[in-house]
Amino acid sequence: MKRILSFILAAAMLLCLAACTPVSKDSIEPAVYRLEDEQYPRLSLRDDGTFFLVYTVMASRVSKGTYSVSDKILRLECEDGTVYCFDVKREALEFNAELSDEFVKMYEEEPDFTQGTTFELWRTYD
């Protein structure tokens, strides 16, 4: 009986440790995310740690740079020094305005990035 109880306790401890592990860059699947049910903007996360954020269908504005993940926060560091942060959810990314630089629209057709703006997983790389 003690062995069974010890085994159950050990298994429960391992499950707790696995559930508390912070998300790492390697745990975010390199994929393309898009603004809810819209075609654009699109955020492409590459397996080499780089990203591309295309704002409009005309691709007249693209941000690119590197990304990292720590404590379930995706941090995009653009080449121009701008930083955008997203809360990592199951198959979505939610814009975190408090941790991000202010989003400045360059064109009227660009959407506003406000707190909680959600990018959903759209396509994975095969």
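Using a basic spin-label model with each label point 7 Å from the Cα along Cα→Cβ, how many nm lie between residue 121 and residue 58?
Those two pseudo-labels are separated by 3.4 nm.
In Å and whole numbers, how far do the C-alpha atoms of the range 23-124 stretch along each principal axis, longest first?
35, 26, 24
Readers should treat all values here as calculations from the given coordinates under stated rules, not as data from a laboratory. As the structure is a computational prediction, the values presented were derived from the model and not from experiment. Because the Cβ atoms are built from the backbone with ideal geometry, glycine has one as well, and the counts that use them run over all protein chains shown.
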